[in-house]
Every structure is written in structure tokens, then in C-alpha cells.
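Read the structure below first, then the notes.
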Amino acid sequence: MPRAPRGSGSSQRPRAEAVPPRATAGSRPTEAPARTLDARRTQVVAPSVSQESTVPKEGGATAPRFRIFIVDAGWNSVAHKVLVENFALIRDLQKDDPIYVLSREQSIAFQRRHGTRIGRDPIIAVHDLAAMDESGTTDFHGFRLSLGLLRTPQQALQGLQAFARFLVTHRRSTDLEAEIRADLRREGLAGAIEIILHHEAREMGE
Amino acid sequence: MPERFGDILTLLMGALAVGYVVYEIERRRRKLHDIWDVLDEEDALLTAQLEDMVERGELQPYTGATLA
């Protein structure tokens, strides 16, 4: 169910804060060596020289539209394994947008502050920088995928694929909120049809 | 009387079937929105905390090739 409609947007995110990180976060080296989970726990990586040279111009083809955050406390779950196994591909597909991976400690601290999120991780939160520049965080400003709620490898993989597909196909959207809600409605309708068809099929099989 | 009973039973079963479909659709809709959801004013605090971590430099764009 879509949540409450847009509010007043009174606490707009200051542009001055938003612009510099966007400018520096737009591109990341793709040839970086593999790091382990332990490595990411303490990792603080400064932007490389190559990042400076490839900073996209405002409105350019590679200007970051989103900031992607991955919160994962490291449960021994199917979703965690699927994310780990497919992260490189996700990162390559989302080259234009910075991905921030919270360390295990940061993820745990985050979930201790927000207990309702426990067990839903890995959570992939996507902040829509365009929406945040426009109306801060009081209105629609992104979306999240609670990958941890998907119980089978196939579901988790499909969730990740849908996530990547959505980001790539909607990164130039002028009204992301409407498109997300439309997609959710479409999925809901598809689910309803599936239920009805399944019911009919079962009756026919009897 | 048996005909009326049969009609009532058919109606009851039909209502149960419709009720089940409505319940199942609602259940799946809720699950879908648990998995995918938009960020809005209810998530403002979480978003602000993540953005603050970026502003403070506690989080940097991930450059590793893999997570583990």
C-alpha cells in the first residue's frame, strides 16, 4: 500500500550539502582489488585521482542520480549469500551511482537504533538525489529493497535483478515516485491474476 | 427445502472463495510493500543518518570488487 501522499517538504535538504558528495561520488574505479568482509569493516576509501578526472558535469550523462546504501548485519541467510555473489555485477551495472556499504558494525549499530529493520537485511536503500534536492526527506526521496525478506535464492536473485533493472531504466525519470507506485500496482495486479489463475488451474485439475 | 439449502451452500462457498482470493491478494500486496517500499517522511530520520555518515566521511563509495 502506498504510504501517505506527499507532504509539505519543509525540511528540504540543503543543496550546498548535497552537491559536493554527488560530484565526487559519481565514478569509482572498477579495477579495484577484491576486499573481504573484514576489510570492508574498517574501510575508509578516499576518492581516487581517477575519480577527479572523470567527474561528470552537472546534468551530464554520468551524473549520479542515486546514492545506494547497503545495510547488512551479516545474517547467515540466503539473501546475504545472493547479494555477496552478485554484488560485483550490481556494482558494474550501477557504475554511475555511488554505492555505500555499511560495515557489519555500522549495520548492527544502525539496526539497534531502528529495531524494526532487524531481520530485513540485507537492505538496499536508494536515495533519489533529485528528489532530495527538491524537497529534502519529508516527501518521497527514494526507495528500499528489503532483500532479507526473500526466503529462497531464486526470489532473492529475482529481487536483485528487478532492483538493478529498475535503477537502470528509471535513472532519468522525472517522477520516480509515480513510476515506483505504478510498478507496485502492476505487480499487485499481476499477483492477483496469478492467484486467480492458480485457483482456476487447481479447480480444473480436480 | 433441499434446493434452498443447496443454493445457500453454493452462495456460502462462493463467498468463501471470493474472501480467500481477496485475503490472498491483500497478503501478497502487503508482502510486496514490505519488500519494496518508497522512502518518505517516515524514513526521514534513517535517511538523514545515512546522509550524515556520508557527509562526515564515515561512508565512502565502495570500491571493492566483491563484498566477501
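Values in this text are rule-based calculations from the coordinates and carry no lab data. All of these numbers come straight from a predicted model, not from anything done at the bench. Heads up, the Cβs are rebuilt from the backbone with ideal geometry, glycines too, and the neighbour counts pull from every protein chain shown.
Residue by residue through B:47-56, how many Cβ atoms from other chains fall within 10 Å of the Cβ on average? Mean shielding by partner chains, rounded to a whole number: 6. Length gained on full extension, B:ASP34 to B:GLU55: 4.7 nm, using 0.36 nm per residue less the C-alpha separation.
Using a ≥ b ≥ c from the Cα gyration tensor of segment A:96-163 (square roots of the eigenvalues), is it rounded, prolate or oblate, where a/c under 1.5 gives rounded and otherwise the larger of a/b and b/c decides, a/b for prolate? Oblate, because a/c is 1.5 or more while a/b does not exceed b/c.
For B:MET13, A:MET132, which order do you get if you count the other beta carbons within 10 Å of each Cβ and list the fewest first?
Ordered from fewest to most neighbouring Cβ atoms within 10 Å, B:MET13, A:MET132 come out as B:MET13, A:MET132.
Estimated from the Cβ-Cβ distance and a Förster radius of 45 angstrom, the FRET efficiency linking A:LYS95 and B:ALA15 is about 0.25. Mind pulling the angle between the C-alpha long axis of helix B:44-55 and the longest principal axis of chain B? Nearest 10 degrees, somewhere in 0 to 90. With both axes taken from Cα atoms, the answer is about 30 degrees.
If I fit a long axis through the Cα atoms of helix B:2-35 and take the longest principal axis of the Cα atoms of chain B, what angle between them do I get, 0 to 90°, rounded to 10? Tilt relative to chain B: about 0 degrees.
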